[in-house]
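Single-structure report; data block below.
The values are calculated or read from the model by the stated rules, or taken from the named source; none is laboratory data. Quantities reported herein were computed from a predicted structural model and do not represent experimental measurements. Cβ atoms come from the backbone with ideal geometry, glycine included; neighbour counts cover every protein chain shown. Just so you know, the surface numbers come from the protein's heavy atoms only, side chains and all, with ligands and any DNA or RNA stripped out. Shrake-Rupley method; radii C 1.70, N 1.55, O 1.52, S 1.80 Å.
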Amino acid sequence: MRMKFVPLAALLLLVAASCGVAQTLPEPAIDGLRYYYPPAKVEPRQVEADICVYGGTSGGVVAAIQATRMGKSAVLLSFGKHVGGLTTGGLSHTDGGGADVCGGIAREFYNQIGQRNFKPSDAEAVYQKMLRDAGVEVHYLAHLDKVNKEGTQITSIAMEDGLVVKAKQFIDATYEGDLLARAGVSYAVGREANSVYDETYDGIQKPGTGGHNFPTAIDPYVMPGDPASGLLPRIVADGGVPGEGDKAIQAYCFRMRLVKGENRLPFPRPNVYDTQQYEVLARLFESGADPRMGWSIDTNNHHLFNGAYFIDFVGGNTDWPEGDWVTREKIFQDHANYQIGVMYYLTHSPRIPEPWRKRFAAYGLPTDEYQDTGGWTHELYIREGRRMLSDYVMTQDNCQGYEVPEDSIGLASYNMDSHHCQMVVVDGAIRNEGNVEIRVSPYPIAYRAITPKASECTNLLVPVALSSSHIAFGSIRMEPVFMILGQSAATAASQAIDGKLIVQNVKYDQLAKQLLADGQIIQYAGSSTGPISAKQLDGIVVDDRDAKLTGQWEESSHIRPYVGRGYRHDQNQDKGKSTATFTAMLKPGEYEVRLAYSANSNRASNLPVTISHAAGQQEVVVNQREKPTIDEIFVSLGKFRFDQQGEVVVSNAGTNGHVIIDAVVFVPVD
């Protein structure tokens with residue numbers, strides 16, 4: 001790498017950019033806790049490298065290490081004072097990184113620290129050693145100021161403190177997609193309407209559905225029962241139309257490390273302590289609801305009142321993804337003041353019953369971690385920021401195995417998951433909105449999802465804020481996956497340099513060969529209970545999504561297997577009012593008609609199914625409590641002759657349990 005001075009003009013621009021910032025920053029919630037540290041001085045200098053990685057997340061660290069292993073010089077730019085993102089800033093264990101889906105450098109890392117109950121400082125020490133051993137040049141407090149491009153190629157990026165980095169290839173490893181946005185790459189923020197990608201779990205959810213909701217009705221008003229008094233903080237009167245899109249994103253929090261024992265630090269009172277923020281919490285305790293305390297060394301939002309109201313600062317992060325550094329600093333401090341205040345309130349407020357205050361006070365902050373910030377983590381959990389929009393968008397169909405890309409660069413395996421996005425008033429009570437938790441089997445992530453559109457940028461890869469819908473990103477967003485994708489991105493960037501190619505034209509067969517040689521896992525070898533694609537089935541398939549429905553049917557995907565994205569059930573209600581008609585245009589001939597469903601003890605044992613065929617109609621009764629006999633998903637309704645059209649009607653009339661509709665298949669009889 002080479003370093004040289006930049007022109008005076010650049011210096012003046014950088015000074016102007018940073019001038020006056022310090023005066024606008026809020027006071028930290030506790031001493032030493034900040035997101036943004038404006039440069040104390042501007043020192044013009046230039047670094048050149050083959051690959052520049054912007055973002056000191058776990059994905060960024062692994063990308064920089066892999067670049068050097070591919071024989072390239074690499075520079076890593078970290079926004080804060082640390083490297084490793086949430087892996088070194090809050091997590092004590094990680095999800096989605098089992099040895100059957102996570103290999104390569106990520107596996108090297110976890111083999112050293114484990115994946116359960118590790119210390120964040122140990123994780124960062126391992127990362128730092130790996131970076132030193134790899135010869136990666138690391139710059140801290142690197143705040144992106146400007147991106148320089150020639151056509152579709154980034155030539156250099158400039159930091160506020162005067163650092164300019166020139167490189168052949170760039171990798172955006174930020175949680176927020178900051179580099180891609182400055183480079184003019186398209187992106188999305190918030191939740192798409194379900195109609196955008198033909199999904200079912202993406203847009204606004206029906207308030208009160210999903211998990212982690214209020215166990216009892218809690219009044220939303222400042223003065224209970226008085227709407228004129230106004231709503232409590234961050235509660236909204238109108239959450240929008242279910243299925244439509246909005247700018248809301250799933251809530252952030254700090255993944256604090258809690259300890260017990262004599263050496264714990266008591267929870268401090270934050271700089272801004274607004275007890276109205278905790279009024280809902282007080283009312284929950286006063287309601288007599290079970291707090292369901294589940295605190296541990298790595299405490300998350302669902303570890304009090306099952307996630308109804310705890311450390312997630314719901315509704316407080318909407319402006320974060322596109323906010324400038326000062327805006328984010330203010331949001332960061334809002335989150336810190338709120339969450340530190342939660343812990344102080346639980347251990348000090350007289351509105352918390354004394355036995356519970358004592359139980360909460362048995363916990364505290366560690367003395368041997370985060371010593372610069374009084375035992376409180378420096379890293380806010382950015383669960384979602386910008387998401388790139390490329391020529392290929394990962395969606396619900398990918399997560400559920402309905403669409404399988406041919407250019408896999410790694411696997412994801414966590415639930416389609418979203419924390420709450422809003423707190424909404426429904427019938428005079430608070431209801432959480434936005435939670436989704438849908439199980440998936442391991443599935444591949446497309447190389448095309450980390451490459452921008454060729455018309456926008458041709459030497460940038462995005463392994464963290466990758467191209468995906470809101471609900472797909474909720475599954476992909478695990479730290480091990482970011483590490484996997486970071487390694488794959490650096491491999492592709494290196495091959496682009498070697499072949500003098502734009503990143504969109506990297507040869508996938510060569511990329512896959514190198515990934516496998518480096519221990520990456522790009523195809524799942526285990527058994528899968530994922531959905532069954534219609535393409536896998538013999539015959540003419542009519543999915544429940546294509547059936548004509550009357551009455552009320554609720555979508556679900558909790559019990560597998562199923563055809564397509566899921567199935568529907570009648571909620572065991574309104575008997576005689578719900579039907580599903582499956583119609584298919586057929587060539588004249590004989591067909592075996594099969595009905596798909598997932599069995600369970602709560603299903604109907606007397607489901608009436610009517611088949612309309614060339615000779616008339618026939619009713620068959622199906623017991624959906626019994627496991628289907630064909631591939632554990634289908635039962636045969638019989639063989640029938642059809643002229644041009646086949647029709648099967650499922651009704652919930654007179655049924656004694658939940659009625660399931662999934663798919664009907666007409667299989668030609670040879």
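Roughly what angle does helix 325-348 make with the longest principal axis of the chain, taking Cα atoms, 0 to 90 degrees, to the nearest 10? Tilt relative to the chain: about 70 degrees. If I fit a long axis through the Cα atoms of helix 8-18 and take the longest principal axis of the Cα atoms of the chain, what angle between them do I get, 0 to 90°, rounded to 10? Value to nearest ten degrees: 60. The three principal axes of the Cα atoms in the stretch 236-356 give end-to-end lengths of 46, 33, 25 Å, sorted in falling order. For the stretch 616-670, the spread of Cα positions along the three principal axes, ordered from largest to smallest, is 34, 26, 15 Å. DSSP finds beta bridges in the chain, and of those with both partners inside it, around 75 percent are antiparallel.
Over the chain, what relative contact order in percent results from Cα pairs under 8 Å that are six or more residues apart?
Working: 1648 pairs, mean separation 103.4, N = 670.
It rounds to 15 percent for the chain.
Calculated accessible area for the stretch 316-389 comes out at 34 Å² per residue, all protein chains present (probe 1.4 Å; ligands, DNA, RNA ignored).
For V563, nonlocal amide neighbours, meaning residues 5 or more places apart or on other chains whose placed amide H falls under 5 Å from its own, are I532.
Against the empirical 2.2 N^0.38 Å scaling, what ratio does the C-alpha Rg of the stretch 407-493 come to?
Values: Rg = 16.2 Å, N = 87, 2.2 N^0.38 = 12.0 Å.
Rg over 2.2 N^0.38 Å, computed on Cα atoms: 1.35.
For the stretch 25-87, the calculated P(r) over all alpha carbon pairs, in 5 Å bins from 0 to the bin holding the longest distance, is 4, 15, 19, 19, 18, 13, 7, 4, 1 percent. Summary of the geometry: the stretch 619-670 and the stretch 395-418, compared by the centres of their Cα atoms, lie 30 Å apart. Using Cα positions and a limit of under 29 Å, work out the lysines in reach of K119, with same-chain residues fewer than 8 apart set aside. Result set, ordered by chain and number: K81, K129, K260, K330, K358. Normalised by the number of residues in the stretch 404-505, the average gap of Cα pairs under 8 Å and 6 or more apart makes the relative contact order 31 percent. For K168, the lysines whose Cα comes closer than 16 Å to its Cα, not counting residues fewer than 8 places off in the same chain, are K72, K149, K500.
When nucleic acids and ligands are ignored and a 1.4 Å probe is applied, D226 ends up with an accessible area of around 60 Å². All Cα-Cα distances of the stretch 130-266, cut into 5 Å bins from zero to the largest, leave 2, 6, 10, 11, 10, 11, 12, 11, 11, 8, 4, 2, 0 percent in each bin in turn. Here the Karplus relation 6.51 cos²θ - 1.76 cosθ + 1.60, evaluated at θ = phi - 60°, turns the backbone of the stretch 408-422 into coupling constants of 5, 10, x, 10, 10, 8, 7, 3, 5, 9, 9, 6, 4, 10, 8 Hz, with x for every Gly and Pro.
Just round it to a whole percent: the fraction of Cα-Cα distances in the stretch 250-310 exceeding 13 Å.
Working: 1305 of 1830 pairs.
Within the stretch 250-310, distances greater than 13 Å cover 71 percent of Cα pairs.
Quick one: if you take sqrt(5λ) for each eigenvalue of the C-alpha gyration tensor of the stretch 504-598, what semi-axes come out, biggest first, whole angstrom? Present the calculation step by step, with values, prior to reporting the outcome.
On the way: eigenvalues 291, 74, 31 Å².
Each semi-axis is the square root of five times an eigenvalue, giving 38, 19, 12 Å.
Accessible area per residue was computed with a 1.4 Å probe on protein heavy atoms; E632 scores about 110 Å². Shape descriptor for the stretch 70-111: Rg over Rh equals 1.03 (Cα atoms; Rh from the Kirkwood inverse mean 1/r).
Only one residue of T155, Y110, L144 has its Cα farthest out toward the positive end of the dipole of the stretch 9-163, where Lys and Arg carry +1 and Asp and Glu -1 on Cβ, and that residue is Y110. Where does helix 479-499 land angle-wise versus the long Cα axis of the chain, in degrees 0 to 90, nearest 10? In the chain, helix 479-499 runs at an angle near 70 degrees to the longest axis. The distance separating the Cα centre of the stretch 493-529 from that of the stretch 558-598 comes to 40 Å. Here is the list for the stretch 370-421: GluC sites (Glu not before Pro) lying in DSSP coil, each with at most 11 other C-beta atoms within 10 angstrom of its C-beta, are E406. For the stretch 341-394, the share of alpha carbon pairs falling in successive 5 Å distance bins from zero is 4, 15, 14, 13, 13, 11, 8, 6, 7, 5, 2, 0 percent.
Ordering of 407-413, 611-617 by packing is 407-413, 611-617, highest average first (other Cβ atoms within 10 Å, averaged per residue). The 3J(HN,Hα) values that the Karplus relation (6.51, -1.76, 1.60; θ = phi - 60°) gives for the stretch 311-321 are, in residue order, 8, 5, 8, 4, x, x, 10, 4, 8, 5, x Hz. Gly and Pro appear as x. Estimated translational diffusion coefficient (Stokes-Einstein, Kirkwood radius over Cα pairs, 37 °C, 0.692 mPa s) of the stretch 338-453: 175 µm² per second. Taking all protein chains together, D31, D397 sort by accessible area into D31, D397, largest first [probe 1.4 Å].
Given Cβ point charges of +1 (Lys, Arg) and -1 (Asp, Glu) and nothing else, what value in debye, to the nearest 20, does the dipole of the stretch 286-398 about its Cα centre take? Could the numbers behind the result be given before it?
Values: 10 positive and 17 negative charges, 102 e Å.
For this selection, approximately 480 debye.
Scanning residues 5 or more positions from R603 or on other chains, those with amide H under 5 Å from its amide H are H658, with H placed 1.01 Å from N in the peptide plane.
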